[in-house]
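For reference, the structure discussed in these notes is given below.
The values are calculated or read from the model by the stated rules, or taken from the named source; none is laboratory data. Note that the coordinates shown come from a computational prediction; the quantities given were computed from them, not determined experimentally. Using ideal geometry, Cβ is built from the backbone for each residue, glycine included, and neighbour counts are taken over all protein chains shown. Side chains are part of the model used for accessible areas, which takes the heavy atoms of the whole protein and leaves out ligands, DNA and RNA. Shrake-Rupley method; radii C 1.70, N 1.55, O 1.52, S 1.80 Å.
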Amino acid sequence: QVQLVESGGDLVQPGGSLRLSCAASGFDFSHNTMSWARQAPGKGLEYVSSIKPSGITDYSDSVKGRFTISRDNAKNTLYLQMNNLTPEDTALYYCARENGYTYDYWGQGTQVTGSA
């Protein structure tokens with residue numbers, strides 16, 4: 001069965017950096033567009049970034065220039081390098097698999113807290 005396991009979240013000072021990982025299993029990882037999304041308590045799910053099988057990437061305006069999405073198909077792993085973190089980046093970060101026009105699987109999330 002499809003499994004997505006995020007890791008790397010932490011408490012970090014504003015301006016700091018983190019690298020999130022998402023270990024994928026149970027499907028052909030290389031065939032799917034993969035995305036990162038985040039959610040703060042009481043708020044809606046916010047799209048962060050995505051990467052297509054072709055390697056084409058996309059970023060939300062709020063993270064452009066600060067975050068970098070990448071994938072290692074040999075390791076079935078998705079990454080999100082986050083630089084210059086701010087308190088507004090505080091959220092539970094999820095990786096998700098695209099299925100057509102929606103997302104059908106996601107992990108349990110990893111907490112990122114940008115706090116002094």
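All of THR57, THR33 fail the test of being touching a Lys or Arg at 6+ places or on another chain (Cβ under 9 Å) and among the β-branched types (Val, Ile, Thr), apart from THR33. For THR110, the requirement of being open to solvent by less than 50 Å² (accessible area, probe 1.4 Å), in contact (Cβ under 8 Å) with a residue 40 or more places away in the chain and in contact with a Pro (Cβ under 7 Å, 6 or more places away or on another chain) is not met.
Restricting to region 5-18, name every residue that is under 12 Å from THR77 (Cα atoms) and not β-branched (Val, Ile, Thr). Those that are under 12 Å from THR77 (Cα atoms) and not β-branched (Val, Ile, Thr): GLU6, SER7. The residue that is nearest to SER115 (Cα to Cα), counting only those in region 34-87 that are among the acidic types (Asp, Glu) and open to solvent by 50 Å² or more (accessible area, probe 1.4 Å), is GLU46. Residue count for region 88-104 satisfying the condition of being open to solvent by 70 Å² or more (accessible area, probe 1.4 Å) and either touching a residue at least 40 places away in the same chain (Cβ under 8 Å) or part of a strand (DSSP E or B) (or both): 3. When region 41-62 is limited to residues that are of a type in the set (A, V, I, L, M) and out of contact with any Asp or Glu (no Cβ under 8 Å at 6 or more places or on another chain), the one that is farthest from HIS31 (Cα to Cα) turns out to be LEU45. Criterion applied to GLY15, GLY8 was being under 22 Å from ASP61 (Cβ atoms) and modelled with pLDDT of 95 or more, and the one residue passing it is GLY15.
Screening PRO14 on (1) closer than 23 Å to THR90 by Cβ; (2) within 15 Å of the chain's Cα centre (by Cα); (3) touching a residue at least 40 places away in the same chain (Cβ under 8 Å) shows it passes everything except condition (2).
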